[in-house]
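The values are calculated or read from the model by the stated rules, or taken from the named source; none is laboratory data. This structure is a prediction, so every number in the text was calculated from the model and none was measured. Note: ideal-geometry Cβ built from the backbone for every residue, glycine included; neighbour counts use all protein chains shown.
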Amino acid sequence: MSNTTLHGSGGYVIANITEEQVKKADLGVGKLFLAPIGKLEEQKITKHYCKICEEEFDSPPKIHLEENNREEVADNLVLVERGQYNCQKCNSTIGEYRVFEKQDETGEVGNARPNDLTSDSN
Ligand SMILES: [Zn+2]
């Protein structure tokens, strides 16, 4: 997938994302959203549009890490990292990202992989 438009609250970004990420971004309302994808690497983003500047920039937005505490937000769901994509020019928020981790990836089937619970990834 190349040059996919992903919408955030303060604009959009254009990024090269995988088919898997397209599925995550598609909330069934006819456009794709930035937030459900998780964190996008800066190299994957080619442009960003800022509603405040009313301008499209030929560069990725600034990626601002808000916090990376591990916080359990629901049973079997941990918020690993939270941050924002900010406009290069005025610094307003284009969109947000959240990275979640399921404590038990295979919770719905019978073959749990306990290494997810014990290994401290990243
Ligand atoms: Zn701006």
> Can you spot a residue in region 91-99 that is closer than 25 Å to residue 20 by Cβ, more than 16 Å from the ligand (Cβ to nearest atom) and modelled with pLDDT of 95 or more?
Replying inline: no
>> Please go through (1) part of a strand (DSSP E or B); (2) within 13 Å of the chain's Cα centre (by Cα) for residue 49 and return the number of the only condition it doesn't satisfy.
In response: (2)
>> What are the pairs with Cβ atoms under 7 angstrom where one residue, in region 44-56, is more than 7 Å from the ligand (Cβ to nearest atom) and of a type in the set (Lys, Arg) and the other, located anywhere, is part of a strand (DSSP E or B) and modelled with pLDDT of 95 or more? Sequence gap at least six, or different chains.
In response: 44/15; 47/13; 47/14; 47/56; 47/57; 51/11
>> I'm checking my understanding of the structure. Among residues of region 69-107 that are in contact with a Gly (Cβ under 8 Å, 6 or more places away or on another chain) and surrounded by fewer than 16 Cβ atoms within 10 Å (Cβ to Cβ), which one is farthest from residue 41 (Cα to Cα)?
In response: 76
>> Which numbered condition in (1) farther than 21 Å from residue 21 by Cα; (2) assigned to a loop (DSSP other than H, G, I, E, B) is the only one that residue 66 fails?
In response: (2)
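In the set 66, 55, which member is surrounded by 11 or more Cβ atoms within 10 Å (Cβ to Cβ), in contact with a strand residue (DSSP E or B) (Cβ under 9 Å, 6 or more places away or on another chain), modelled with pLDDT under 90 and not hydrophobic (A, V, I, L, M, F, W, C)?
Details: 55 fails: modelled with pLDDT under 90.
Matching residue, one of 66, 55: 66.
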> What number of residues within region 14-31 are part of a loop (DSSP other than H, G, I, E, B) and surrounded by 15 or more Cβ atoms within 10 Å (Cβ to Cβ)?
Replying inline: 2
> residue 41: over 13 Å from the mean Cα position of the chain (by Cα) and acidic (Asp, Glu), yes or no?
Replying inline: no
> Any residue in region 65-85 that is within 11 Å of the ligand (Cβ to nearest atom), over 17 Å from residue 32 (Cα atoms) and more than 16 Å from the chain's Cα centre (by Cα)?
Replying inline: no
> Of the residues 40, 6, which single one is in contact (Cβ under 8 Å) with a residue 24 or more places away in the chain, in a loop (DSSP other than H, G, I, E, B), surrounded by 14 or more Cβ atoms within 10 Å (Cβ to Cβ) and not acidic (Asp, Glu)?
Replying inline: 40
